[in-house]
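In what follows, a structure is listed as C-alpha cells, so that the remarks can point back to it.
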Amino acid sequence: MPHAKPKDIFNRIVSSLVDVYPERERLAIAKNYLADRFHIDSIKLAINSPQPINESLLTHDLRQLAKGTPYQHVVGFTIFYRRKFVCNQHALIPRPETEELVDLIIKENKIEDPFILDIGTGTGCIPICLKAEIHNAQCLGIDISSEALELANKNADKNEVDVEFSQVNILKEGLKPAQYNIIVSNPPYIPNADRAIMHPNVLDHEPDIALFVKNDDPLIFYRIIAKKALEALRPKGKLYFEIHENYGSEIFELMRSIGYVDICIHKDLQGKDRMISAHLK
C-alpha cells in the first residue's frame, strides 16, 4: 500500500470539493475523512509523517463526494449521540438537532421503566439511544418504509440494544390505546416549496417521503400524530416533536386545541424553535 503525507491528502480532499461545499464544510469533511477512512487523527495530521493510503479507495470516495453524495453515505455511517449509525439512501441522516431532542427526553424523563414509541424512526437513532440511556426503557420504532426498518434493525444490532421495529403508516393506521409513556416523532415537515433552497446532496440522496409535506397542509403529521397520541399515551404521558423553525407557534396552538397541556417550545443550539413537548391532561 502506498504511503502519503496526511497534509497532502487533506489538501487534495479540500481542493476536490471546491464546487460542492463552502470552505468550512470542506475542511471538516477532509479532517473527518482522514480519521474515518485511514485512522489519521489530528495529531498524525500535524506531525505529517507518511501514512499508508488506499489510493483506489480514496479516488473512488473523492469522486462520490465531488458528485454531491453525502459524506455519511460515502463512509457508510455517522456518529449520533456518541454512537455509530449505519447510513444509506433509505433514511434521513441523523442530524445534530435530533440529538438535542434525544437529550431533552433523557433529561426530562422521570418515569420508571417507560414505554417509548418513536414514529418515523428512519435509522432508529432515537429509540436506540433512548433505550441505551434510560434505565429499563422499552422502545418501539415504527416507519412506513421497510428499507428504513431494515436499516434500523441493523443499527440496533450494531449498538447492542433491544429495540422493536414495526412497519406502520401512521397517516392511515391506528395505535394501541393507553400503551406509551412517551411518544416522540421527527416527522416530515419541509414544505415542497422549500425544495428550491435545499442542497442537492439532500434532495438527490435522502428519501423524499421522510422530508417533504404538501404546501397546503404542512402540519399534517403533527395533527394526526397528536390526535392519535391522545388515545395511545398513558395517563400523564408526554408527546415530543422535532419541528420546523417557522411553525413553532402554529404547532403550539394545534396541540393546545387538541387538548394537550404544559406545552413548551424548545430552541436548539442555534436559537431556533426546534422541539416541542406537551403532556396529557
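Here 86, 163 are screened, and the one residue that is more than 22 Å from residue 235 (Cα to Cα), surrounded by 22 or more Cβ atoms within 10 Å (Cβ to Cβ) and in contact with a Lys or Arg (Cβ under 7 Å, 6 or more places away or on another chain) is 163. The single condition among (1) modelled with pLDDT under 95; (2) under 16 Å from the mean Cα position of the chain (by Cα); (3) over 22 Å from residue 247 (Cα atoms); (4) of a type outside the set (A, V, I, L, M) that residue 189 does not meet is (3). Select from segment 30-46 the residues that are touching a residue at least 12 places away in the same chain (Cβ under 8 Å) and more than 23 Å from the chain's Cα centre (by Cα) and write down the one among them that is surrounded by the fewest Cβ atoms within 10 Å (Cβ to Cβ). If we take residues in segment 30-46 being touching a residue at least 12 places away in the same chain (Cβ under 8 Å) and more than 23 Å from the chain's Cα centre (by Cα), then 44 is surrounded by the fewest Cβ atoms within 10 Å (Cβ to Cβ).
Do the conditions hold for residue 266, that is, is it modelled with pLDDT under 95 and within 21 Å of the chain's Cα centre (by Cα)? In short, no. Among the residues in segment 36-51, are any in contact with a Leu (Cβ under 9 Å, 6 or more places away or on another chain), among the hydrophobic types (A, V, I, L, M, F, W, C) and closer than 23 Å to residue 88 by Cβ? Scanning segment 36-51, I find at least one residue that is in contact with a Leu (Cβ under 9 Å, 6 or more places away or on another chain), among the hydrophobic types (A, V, I, L, M, F, W, C) and closer than 23 Å to residue 88 by Cβ, so the answer is yes. Any chance segment 98-114 includes a residue that's in the same structural domain as residue 30 (by TED's automatic domain parsing), surrounded by 19 or more Cβ atoms within 10 Å (Cβ to Cβ) and charged (D, E, K, R)? No, because not a single residue in segment 98-114 is in the same structural domain as residue 30 (by TED's automatic domain parsing), surrounded by 19 or more Cβ atoms within 10 Å (Cβ to Cβ) and charged (D, E, K, R). Counting only residues that are at pLDDT 95 or above and outside any helix (DSSP H, G or I), segment 19-49 holds 5 of them.
The values are calculated or read from the model by the stated rules, or taken from the named source; none is laboratory data. No experiment lies behind these values; they were computed from the predicted model shown. Heads up, the Cβs are rebuilt from the backbone with ideal geometry, glycines too, and the neighbour counts pull from every protein chain shown.
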